[in-house]
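Peer 1: The following block contains the structure, expressed as structure tokens.
The values are calculated or read from the model by the stated rules, or taken from the named source; none is laboratory data. If you're wondering where the values come from, they're calculated on a predicted model, not measured in any experiment. As a convention, Cβ positions derive from the backbone with ideal geometry for all residues, glycine included, and neighbour counts pool all protein chains shown.
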Amino acid sequence: MKIPSAQKPNLVKLDTHTHTAGISLCSNVSANLLARSYSAHGINTVLLTNHYTSRGIYSCGNYDALAANFCEEFVIAKRAGKLAGVCVLFGAEVALTSHYGYKEFLLFGITPAFLRAYPNLCALTQSELYTLCCDHQILMYQAHPYRAEHGQSPADPEFMDGVEINRHPRFDDRMDKVIEFADRHGLGISCGSDLHSITQAGSDGIFVPPSVTTEKALANYLRKTKRPSIFLDYKKKVQL
């Protein structure tokens, strides 16, 4: 039965890929500024996906310390978001290095408790990380799979749930290639700004129901909606 339009939930914007300076040193956006800026753009939900890499060990000393610092940055962002009226969700961009090359994966549905229990994520292989994610109902999407400028290429499609349309302004998003790869392998697609500068705040992301206010709810929505509508450069809406 067709649902009357009045009963359809209004969709809201969510940026699935953001970085703050407290963990991602390549970002110049503080956790407080992140929350205020998204609020100013009328976006009330944002996923914080700071870099989780083996390089972080050098500054923290060990994986447990890295996980603790990572989670503390989220606490700061979550608190700032509450004051600004923005729901900040916990995520991560985990970098893996192997003889297949450097790959980065966005984890949807990850929680601080999970990260504290499994702090050595970037020491795993792609298949090991994917198995762990599946065991905990976490979705694993490859970030910017065609970012040739950094020597990145698509990872093994058997061990991931989706791929990302990455809208960082310094790089070509290669949207056509991402969609073709996803179609070929039956993968989901996400879209995010890859925010490192405040000028990117609110520019790109996906549309989700307003009920998506937890990490689990986001993962469940993407599990059911493998091709969510996306928005580009603030206003342009695209149905994949």
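Peer 1: Which one of the conditions (1) free of Cβ contacts under 8 Å to residues at least 40 places away in the same chain; (2) over 24 Å from VAL88 (Cβ atoms); (3) among the β-branched types (Val, Ile, Thr) does ILE179 fail to meet, given that it meets all the rest?
Peer 2: (1)
Peer 1: Right, something else. Is it the case that some residue within region 37-49 is more than 15 Å from the chain's Cα centre (by Cα) and buried (at least 23 other Cβ atoms within 10 Å of the Cβ)?
Peer 2: Checked region 37-49: at least one residue is more than 15 Å from the chain's Cα centre (by Cα) and buried (at least 23 other Cβ atoms within 10 Å of the Cβ).
Peer 1: Check off (1) surrounded by fewer than 21 Cβ atoms within 10 Å (Cβ to Cβ); (2) at pLDDT 95 or above; (3) in contact with a helix residue (DSSP H, G or I) (Cβ under 6 Å, 6 or more places away or on another chain) for THR131 and give me the number that stays unchecked.
Peer 2: Of the numbered conditions (1) surrounded by fewer than 21 Cβ atoms within 10 Å (Cβ to Cβ); (2) at pLDDT 95 or above; (3) in contact with a helix residue (DSSP H, G or I) (Cβ under 6 Å, 6 or more places away or on another chain), the odd one out for THR131 is (3).
Peer 1: For TYR52, all conditions in the list (1) touching a residue at least 60 places away in the same chain (Cβ under 8 Å); (2) surrounded by fewer than 16 Cβ atoms within 10 Å (Cβ to Cβ) hold save one; what is the number of the exception?
Peer 2: Failed condition: (2).
Peer 1: Can you pull out every residue in region 83-128 that is surrounded by fewer than 22 Cβ atoms within 10 Å (Cβ to Cβ), among the hydrophobic types (A, V, I, L, M, F, W, C) and not in a strand (DSSP E or B)?
Peer 2: Selection gives LEU83, ALA84, ALA113, PHE114, ALA117, ALA123, LEU124.
Peer 1: Separate question: Any chance you could count how many residues in region 24-71 are touching a strand residue (DSSP E or B) at 6+ places or on another chain (Cβ under 9 Å), β-branched (Val, Ile, Thr) and not in a loop (DSSP other than H, G, I, E, B)?
Peer 2: Going through region 24-71 one residue at a time, the tally reaches 2.
Peer 1: Give the residues of region 151-193 that are of a type in the set (D, E, K, R), at pLDDT below 95 and surrounded by 17 or more Cβ atoms within 10 Å (Cβ to Cβ), sorted by residue number.
Peer 2: ARG167, ASP173, ARG174
Peer 1: I want to confirm something. Restricting to region 202-240 and keeping residues that are hydrophobic (A, V, I, L, M, F, W, C) and in contact with a Lys or Arg (Cβ under 9 Å, 6 or more places away or on another chain), which single residue is farthest from GLY22 (Cα to Cα)?
Peer 2: For region 202-240, the residue satisfying everything is LEU240.
Peer 1: Within region 147-183, can you find the residues that are assigned to a loop (DSSP other than H, G, I, E, B) and in contact with a Leu (Cβ under 8 Å, 6 or more places away or on another chain)?
Peer 2: The answer is MET160, ASP161, ARG167.
Peer 1: Being aromatic (Phe, Trp, Tyr) and farther than 18 Å from LEU139 by Cα is the filter here, so list the residues in region 160-191 that pass it.
Peer 2: PHE171
Peer 1: While we're here: So is LYS237 over 15 Å from the mean Cα position of the chain (by Cα), farther than 20 Å from ALA92 by Cβ and in contact (Cβ under 8 Å) with a residue 24 or more places away in the chain or not?
Peer 2: Here the answer is yes, as LYS237 does meet what is asked.
Peer 1: Looking only at region 201-231, filter to residues that are among the basic types (Lys, Arg) and assigned to a helix (DSSP H, G or I); which one of those is nearest to PRO112 (Cα to Cα)?
Peer 2: Here the answer is LYS216.
Peer 1: Determine whether SER211 is in contact (Cβ under 8 Å) with a residue 40 or more places away in the chain and surrounded by fewer than 22 Cβ atoms within 10 Å (Cβ to Cβ).
Peer 2: Spelling it out, SER211 is indeed in contact (Cβ under 8 Å) with a residue 40 or more places away in the chain and surrounded by fewer than 22 Cβ atoms within 10 Å (Cβ to Cβ).
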